[in-house]
Amino acid sequence: MQKILPPIKKDIQSRKRWLGIALVAASFAFYGCLLLVPISSLSAEGTIALSAALVFLGEGSFWLAVLILGKEAVAKYRDFDWRSRLISWQKKIEEKIKSKRE
């Protein structure tokens, strides 16, 4: 009896996709950590070095994700209507707050 194995290529593509998404999330995290640098207790040289390292890691992880995900995914990300999505989320949150007050 032969066992039919699932195609390996599909599993690799799925892992690549998740790796790319994780790298994009990491780039946002690195840039978010830049907000914490001014309140750190580092010297001026340490603050500059940490800031440079965070920017380097943020850019590097983003562009590595672009290479993994491809230009179609990046175009989809850029064409996404962020403004209307954020406004709709804000309205939902405001409605929940209003309903809790009543």
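Structure notes:
- Residues in the stretch 44-58 include none that are at pLDDT below 90 and either part of a loop (DSSP other than H, G, I, E, B) or in contact with an Asp or Glu (Cβ under 8 Å, 6 or more places away or on another chain) (or both).
- Extreme residue, farthest from VAL74 (Cα to Cα), among residues of the stretch 30-48 that are of a type outside the set (Ser, Thr, Tyr) and surrounded by 13 or more Cβ atoms within 10 Å (Cβ to Cβ): LEU42
- Selection within the stretch 5-33 - modelled with pLDDT under 85 and not hydroxyl-bearing (Ser, Thr, Tyr): LEU5, PRO6, PRO7, ILE8, LYS9, LYS10, ASP11, ILE12, GLN13, ARG15, LYS16, ARG17
- Residue match in the stretch 64-76 (condition: on the phi > 0 side of the Ramachandran plot, out of contact with any Cys (no Cβ under 6 Å at 6 or more places or on another chain) and modelled with pLDDT under 90): yes
The values are calculated or read from the model by the stated rules, or taken from the named source; none is laboratory data. Treat the numbers as computed from the prediction; the structure is a model and nothing was measured. We place every Cβ from the backbone using ideal geometry, glycine too, and count neighbours over all the protein chains shown.
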